[in-house]
C-alpha cells in the first residue's frame, strides 16, 4: 500500500452511502414529489410503524429532530418549572438543553469510566423531592445500565426518558433501547447510524396516553385542524425525510453489522494500553462512534490530520462547565470521570463503507505515532 496515494478519510462517508442507495432514494423522493403531500403523509406513517416494530415499542411519532424529541418527551410527562431532571454531563448539549428549555433544572451526575454512560450508583444521592425524571443517554451507541436505572426509577416514582439519538438498534439484555423507559428519543441527523438528508427525529413509547399527548404537541397542540387543546410546537417530520429514511431503514441492520466489524478490527489491531470501547453481550454497542482514550490525544489528532485522516472529540467540554449552564453553580472537579474522559477521548473514523485499506492505514498511522512517542 502506498501511503501517499491514500485519499483523505472522513469521519463518516455519506457520499459512499448515497452512491449505494441513490436509485431507490431517488425513486422514493419522486413518489413524494408526485404525491403533492409533503408533511405528515403516508411515508411518515409507514416509517413510524416500521420503527416502532423495529424498536419493539407500541407507538412511534416522527418529529423534526432529536432535540425536539427530547423536548416533546419532557412536555408530555408534564415536566417544567420547579422540576429537576437527572442526566449526564458527558453528552451532546441538546440532552440538558431540552431540560432547560421546558423550564426544569438539569441535575448532573458522573459517568461510568468504561462506558461513558450515566453511573447508576450515583443517581440516588442526587434525588430530591423536586426530581421528576432521569434522561438516560446511550452514548456512542452503547447501552446504559437500564436494569439498575429502572429499579431506582420505580423506587422513587421517576419517569425515564431514553436519549437514544446515537443508538438506534442497540440492545440491552435483548430489548432494543428506546422501548425500555417511558419515552425513547431518536435523531436522524445525517451522520447518525440511520441518517436523513437533513434534520429529522422520532419518539417512541409503549403508553398510549403519552403517544396521544405527543401527537398533539408536535402539531401546535392540535389533533383537529384549527382546534388546539394544548400549547404545543411545530415539530412535524416532512415526507421527503421520511421517504429517505424508509430506504435506509431497510439496510440498517446490515450497516450496524458492518460498523461492528470495523470496531472489531480496531480493537484487535490497536495497542492494548489504549482504552478502547467496552463491549458486552448484555449491553450492546452499535458504534455510532469508536472512541479511544490516551493522554496524547491532541498530538495524535494532529498527526492523523497531517496524514489526511479525520478525527473528532466527543465531547471536549462537559456540560457542567459550559457557559450556558453557569447558573447551575457547578464547577470544574465536580465530575472527575467525565472531565478526564473529555481531556483524553478521541473518535476515529467509522462507517459501513470503510475499506480494509482505509482502516489499515489509520491503524498503521496510530501505531507509528505511538511508537514515536514511546521512543521520546
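The values are calculated or read from the model by the stated rules, or taken from the named source; none is laboratory data. Here the structure is a predicted model, which is why all the values come from computation and not from measurement. Counting neighbours? That spans all protein chains shown, and the Cβs are built from the backbone with ideal geometry, glycine included.
Any residue in the stretch 307-323 that is assigned to a strand (DSSP E or B) and either surrounded by fewer than 18 Cβ atoms within 10 Å (Cβ to Cβ) or not assigned by TED's automatic domain parsing to the domain that holds residue 359 (or both)? So that I can check it myself, show each step before the final result.
We begin by selecting, within the stretch 307-323, every residue assigned to a strand (DSSP E or B); these are 309, 312.
Now restrict to residues that are either surrounded by fewer than 18 Cβ atoms within 10 Å (Cβ to Cβ) or not assigned by TED's automatic domain parsing to the domain that holds residue 359 (or both): 312.
Yes, the stretch 307-323 contains at least one residue that is assigned to a strand (DSSP E or B) and either surrounded by fewer than 18 Cβ atoms within 10 Å (Cβ to Cβ) or not assigned by TED's automatic domain parsing to the domain that holds residue 359 (or both).
Only one of 14, 74 is in contact (Cβ under 8 Å) with a residue 60 or more places away in the chain, within 21 Å of the chain's Cα centre (by Cα) and farther than 15 Å from residue 195 by Cα; which? Please lay out each step first, then the result.
Working: 14 fails: farther than 15 Å from residue 195 by Cα.
When all the criteria are applied, what remains is 74.
Being surrounded by 19 or more Cβ atoms within 10 Å (Cβ to Cβ), assigned to a loop (DSSP other than H, G, I, E, B) and within 24 Å of the chain's Cα centre (by Cα) is the requirement here; does residue 330 meet it? Steps first, please.
Values: surrounded by 19 or more Cβ atoms within 10 Å (Cβ to Cβ): yes; assigned to a loop (DSSP other than H, G, I, E, B): yes; within 24 Å of the chain's Cα centre (by Cα): no.
Spelling it out, it is not the case that residue 330 is surrounded by 19 or more Cβ atoms within 10 Å (Cβ to Cβ), assigned to a loop (DSSP other than H, G, I, E, B) and within 24 Å of the chain's Cα centre (by Cα).
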Quiz item: Which of the residues belonging to the stretch 232-279 are within 19 Å of the chain's Cα centre (by Cα) and at pLDDT below 95?
Solution: 278, 279
Quiz item: So which residues in the stretch 346-376 are without any contact (Cβ under 8 Å) to a residue 60 or more places away in the chain, in contact with a helix residue (DSSP H, G or I) (Cβ under 9 Å, 6 or more places away or on another chain) and not in a helix (DSSP H, G or I), if there are any at all?
Solution: 346
Quiz item: So, in the stretch 1-27, of the ones that are in a helix (DSSP H, G or I) and in contact with a helix residue (DSSP H, G or I) (Cβ under 7 Å, 6 or more places away or on another chain), which residue ends up modelled with the lowest pLDDT?
Solution: 3
Quiz item: Any residue at all in the stretch 325-344 that is over 28 Å from residue 164 (Cβ atoms) and touching a residue at least 40 places away in the same chain (Cβ under 8 Å)?
Solution: no
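Please verify whether residue 179 is part of a loop (DSSP other than H, G, I, E, B), in contact with a helix residue (DSSP H, G or I) (Cβ under 8 Å, 6 or more places away or on another chain) and modelled with pLDDT of 95 or more, treating the condition exactly as stated. Talk me through it step by step, then tell me what you get.
Numbers: part of a loop (DSSP other than H, G, I, E, B): yes; in contact with a helix residue (DSSP H, G or I) (Cβ under 8 Å, 6 or more places away or on another chain): yes; modelled with pLDDT of 95 or more: yes.
Yes: the conditions hold for residue 179.
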Quiz item: Which condition does residue 107 not pass, out of (1) buried (at least 19 other Cβ atoms within 10 Å of the Cβ); (2) assigned to a helix (DSSP H, G or I); (3) more than 19 Å from the chain's Cα centre (by Cα), if it passes all the others?
Solution: (2)
Quiz item: Which one of 198, 184 is exposed (fewer than 15 other Cβ atoms within 10 Å of the Cβ), touching a helix residue (DSSP H, G or I) at 6+ places or on another chain (Cβ under 7 Å) and assigned by TED's automatic domain parsing to the domain that holds residue 55?
Solution: 198
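Residues in the stretch 57-68: is at least one more than 24 Å from residue 214 (Cα to Cα) and either in contact with a strand residue (DSSP E or B) (Cβ under 6 Å, 6 or more places away or on another chain) or not assigned by TED's automatic domain parsing to the domain that holds residue 260 (or both)? Show your work before the answer.
In the first step, residues of the stretch 57-68 are kept if they are more than 24 Å from residue 214 (Cα to Cα); the result is none.
Within the stretch 57-68, not a single residue is more than 24 Å from residue 214 (Cα to Cα) and either in contact with a strand residue (DSSP E or B) (Cβ under 6 Å, 6 or more places away or on another chain) or not assigned by TED's automatic domain parsing to the domain that holds residue 260 (or both).
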Quiz item: Looking at (1) touching a helix residue (DSSP H, G or I) at 6+ places or on another chain (Cβ under 8 Å); (2) more than 30 Å from residue 21 (Cβ to Cβ); (3) at pLDDT 95 or above, which is the only condition residue 309 fails?
Solution: (2)
Quiz item: For the stretch 267-306, how many residues meet the condition of being out of contact with any helix residue (DSSP H, G or I) (no Cβ under 7 Å at 6 or more places or on another chain), without any contact (Cβ under 8 Å) to a residue 40 or more places away in the chain and crowded, with 16+ Cβ neighbours inside 10 Å?
Solution: 0
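For residue 118, indicate whether it is out of contact with any helix residue (DSSP H, G or I) (no Cβ under 9 Å at 6 or more places or on another chain), closer than 17 Å to residue 184 by Cα and either free of Cβ contacts under 8 Å to residues at least 24 places away in the same chain or not assigned by TED's automatic domain parsing to the domain that holds residue 339 (or both). Spell out the reasoning first.
Numbers: out of contact with any helix residue (DSSP H, G or I) (no Cβ under 9 Å at 6 or more places or on another chain): no; closer than 17 Å to residue 184 by Cα: yes; either free of Cβ contacts under 8 Å to residues at least 24 places away in the same chain or not assigned by TED's automatic domain parsing to the domain that holds residue 339 (or both): yes.
Against the criterion (out of contact with any helix residue (DSSP H, G or I) (no Cβ under 9 Å at 6 or more places or on another chain), closer than 17 Å to residue 184 by Cα and either free of Cβ contacts under 8 Å to residues at least 24 places away in the same chain or not assigned by TED's automatic domain parsing to the domain that holds residue 339 (or both)), residue 118 does not qualify.
Would you mind finding the one in 98, 125, 94, 113 that is within 16 Å of residue 153 (Cα to Cα) and modelled with pLDDT of 95 or more? Please lay out each step first, then the result.
Working: 98 fails: within 16 Å of residue 153 (Cα to Cα); 94 fails: within 16 Å of residue 153 (Cα to Cα); 113 fails: within 16 Å of residue 153 (Cα to Cα).
Sole residue among the options that is within 16 Å of residue 153 (Cα to Cα) and modelled with pLDDT of 95 or more: 125.
Name the one entry in 351, 356 that is outside the structural domain of residue 112 (by TED's automatic domain parsing) and surrounded by fewer than 20 Cβ atoms within 10 Å (Cβ to Cβ).
Going through 351, 356 in turn, just one is outside the structural domain of residue 112 (by TED's automatic domain parsing) and surrounded by fewer than 20 Cβ atoms within 10 Å (Cβ to Cβ): 356.
Return the residues of the stretch 210-266 that are in a strand (DSSP E or B) and either surrounded by 17 or more Cβ atoms within 10 Å (Cβ to Cβ) or out of contact with any strand residue (DSSP E or B) (no Cβ under 8 Å at 6 or more places or on another chain) (or both); say none if nothing qualifies. Don't jump to the end; show me each part of the working.
Step one: list which residues in the stretch 210-266 are in a strand (DSSP E or B), which gives 219, 222-224, 227-228, 234, 238.
Scanning the stretch 210-266 gives 219, 223, 224, 227, 238.
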Quiz item: Given the residues 46, 30, which is the only one that is part of a helix (DSSP H, G or I) and surrounded by 13 or more Cβ atoms within 10 Å (Cβ to Cβ)?
Solution: 46
Quiz prompt | Matching residues in the stretch 33-43 - criterion: being part of a helix (DSSP H, G or I) and either over 17 Å from residue 236 (Cβ atoms) or at pLDDT below 95 (or both) | solution = 33, 34
